[in-house]
Amino acid sequence: LAYLCGVAMAGGVAWFVAHIPVQVSDSLGNMLQIQNQAYRDLLLSVLNADGYFRPLLWVQIKAAFDLAHGHYWLTFKAIHTAQLIVAALLFTRLLRVRSLADALVVPLALAVLFGLHTFNGTVREAHPINAFLTIVVCTLAAANLSISRPRWTIDVLAVLLFAFAVMTVESGLLVVVAVVAGWLAGLRGGSRWGVLACVVVTAGYLYLRLGMMPDGTPGLDERAAGFGTRAMEPDELVARFGQSPYLFYAYNVASSLLT
């Protein structure tokens, strides 16, 4: 009953999401970039990109583009719908419903998941591949691994899941947060060696991004960002923090932690 409720609510959300046009701003450029490149050439080109390291996101976009055969809206929205349903199912499994009384609370939990104002943009993101929702699915999957029956394959899956997520978009780092948090909370689906392996891979990723890549992080001129009580445009950010960007970075991190 709980899983049926999850699918029904995700399907309802998907119905409205399907009516949001695919965004033109980033999507068109992405589709033009991938359509005339082989997968190998695409990977080589994005591995040298400045500011971002998202090779698997580009592979996903190209795979969806090739799979569409011209039916882009249908393919992109089908993927988005699948993401919503999988997220609902993984979330519902974490609730571990064992009685009718438990099941009656599930609609409220799902309403919080999909209706929370801070999650709204993630649900509605209308790129060819909703990468941010992909990370939500990966993080929920990592939490589900933590409550699974202990075995060595859980450790392997956790590491692979983290590697996939972090090479899709930077917020994939949340996967290792879920793995470590599950261990600290006493969930023993994965072993301490699996947790340690995820931490080691995380350290390697951070070294790659911040140590080996010459332009491992986006500049202040990349996009608008919040500071204080308002959003500042890129030129304002550069003018105010160009000489001391770490003040802005520290504010950004502190705001995220407080949130």
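Before moving on, here are some points about what is shown:
- Hits in the range 113-149 - residues which are in contact with an Asp or Glu (Cβ under 8 Å, 6 or more places away or on another chain), in a helix (DSSP H, G or I) and surrounded by fewer than 20 Cβ atoms within 10 Å (Cβ to Cβ): 132
- Helices (runs of 4 or more DSSP H) contained in the range 165-256 and holding at least 2 residues touching a residue at least 24 places away in the same chain (Cβ under 8 Å) and open to solvent by less than 70 Å² (accessible area, probe 1.4 Å): 174-184, 192-207
Results for (1) more than 30 Å from residue 182 (Cα to Cα); (2) open to solvent by less than 40 Å² (accessible area, probe 1.4 Å); (3) touching a strand residue (DSSP E or B) at 6+ places or on another chain (Cβ under 8 Å), shown as yes or no for each residue.
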{"residue": "64", "(1), (2), (3)": "yes, yes, no"}
{"residue": "73", "(1), (2), (3)": "yes, no, no"}
{"residue": "76", "(1), (2), (3)": "yes, yes, no"}
{"residue": "83", "(1), (2), (3)": "no, yes, no"}
{"residue": "88", "(1), (2), (3)": "no, yes, no"}
{"residue": "111", "(1), (2), (3)": "no, no, no"}
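- Among the candidates 23, 60, residue that is closer than 17 Å to residue 133 by Cα, open to solvent by 60 Å² or more (accessible area, probe 1.4 Å) and of a type outside the set (Lys, Arg): 23
- Applying the criterion of being over 21 Å from residue 153 (Cα atoms) and hydrophobic (A, V, I, L, M, F, W, C) to the residues of the range 174-220, the residue that is modelled with the highest pLDDT is 203.
- Meets criteria (under 30 Å from residue 47 (Cβ atoms) and under 21 Å from the mean Cα position of the chain (by Cα)) for residue 179: yes
The values are calculated or read from the model by the stated rules, or taken from the named source; none is laboratory data. A quick note: this is a predicted structure, and the numbers were derived from the prediction, not measured. Every residue, glycine as well, gets a Cβ built from its backbone with ideal geometry; the counts of neighbours run over all protein chains shown. Accessible surface areas use protein heavy atoms only, side chains included; no ligands, DNA or RNA. Shrake-Rupley method; radii C 1.70, N 1.55, O 1.52, S 1.80 Å.
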